[in-house]
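All of the numbers you see were taken from the coordinates with simple rules; none came from a lab. As the structure is a prediction and not an experimental result, all values here were calculated from the model. All Cβ positions, glycine included, derive from the backbone under ideal geometry; neighbour counts span all protein chains shown.
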Amino acid sequence: MNFAVKSHRLYSGSSEIPFISSPNMGGQLSPKFLIIHYTASGPDSDIASYFAQKSAHVSAHLVIRRDGTVKQCVPFNRVAWHAGKSQWIGKDGTHYSGLNNSSIGMEMENWGPLKKMEDRWISWAGVEVHSKIIEACHKFGVPDCGWEVFTKAQIETAQAAARAICAAYKIEDIMGHDDIAPGRKSDPGPAWDMKAFKEQIKADAGKQSVACKSEMRGSTGSP
Ligand SMILES: [Zn+2]
């Protein structure tokens, strides 16, 4: 799968990825980071359409569903409302506060944490979840619980999208929402293998010799 960014929109070959415009956006953005989220929703909710409602007061640039399909809601050169109160220290020591103003937000359709009731896994919405689930403790101490596993199709789409974004912009790093808002947010959580994701993007960037290779050098410690 190969995507490309043209005029701040995601393309697959010559076709533009479906664009469901969200009114929930701010001014100009020069993205330096890519932030991964989960939607905390089931397969029956269309989160891109939710972001299209002004009353939602939230948005993200991309929404990737469990089946691997992707929709764009905000152009990559405009601020989306996905990070909220958040902080990060960049590789050169720059302190970033309110990461909406410096990052692209990518939402992965996923329930997030699940509670066990007898032998069933139940979402926050009270729905029984039949997807593949892992039991794990969140790195920032959210109690041991179940987490819905991200689908292979979804991860492949996310990698292809991240590759295209890294080729188009000077992306310094990829973080989870939980990294920039620890304690307040738990997405994408322990079911998301960030190390493997970043290594894959870096390996792909090496093949394509795009900006990501040098930009993300420090993240895994290799030369
Ligand atoms: Zn989030």
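Using the Cβ-Cβ distance between Lys91 and His57 with R0 = 45 Å, the FRET efficiency computed as 1/(1 + (r/R0)^6) comes to roughly 0.90.
Under 17 Å of direct C-alpha separation, and excluding same-chain neighbours fewer than eight residues apart, Lys71 reaches these lysines: Lys6. For a straight C-alpha distance cut-off of 20 angstrom, the aspartates and glutamates reachable from Lys132 (same-chain residues fewer than eight places away being disregarded) are Asp44, Asp67, Glu107, Glu109, Glu118, Asp119, Asp144, Glu148, Glu156, Asp187, Asp193. Ordered by the number of other Cβ atoms lying within 10 Å of each residue's own Cβ, fewest first, Arg65, Arg184 fall into the sequence Arg184, Arg65. Pull up the cross-link candidates among the aspartates and glutamates for Lys202, meaning alpha carbon to alpha carbon under 12 Å and not fewer than 8 places away within one chain. Of all the aspartates and glutamates, those that pass the test against Lys202 - Cα under 12 Å, at least 8 places apart if same chain - are Glu172, Asp173, Glu215. Between the Cα long axis of helix 152-168 and the first principal axis of the chain there is an angle of about 20°, rounded to the nearest 10.
Extension gain, Asp67 to Arg120, is 16.8 nm, computed as 0.36 nm per intervening residue step minus the present C-alpha separation. Considering only alpha-carbon pairs that sit under 8 angstrom and 6 or more positions apart, the relative contact order computed for the chain is 23 percent.
Classify the range 31-169: rounded, prolate or oblate, from the alpha-carbon gyration tensor (a ≥ b ≥ c, eigenvalue square roots; a/c under 1.5 rounded; otherwise prolate if a/b is larger than b/c)? It comes out prolate by the Cα gyration axes. For the pair Glu199 and Val149, label points projected 7 Å from Cα toward Cβ lie 1.8 nm apart. Fully extending the segment from Ser45 to Ser12 would add 9.5 nm, taking 0.36 nm per residue of separation and subtracting the current Cα-Cα distance. Cα gyration tensor of the range 61-143, axes a ≥ b ≥ c as square roots of the eigenvalues: rounded (a/c below 1.5), prolate (a/b > b/c) or oblate? Oblate shape, in that a/c is at least 1.5 and b/c is the bigger or equal ratio.
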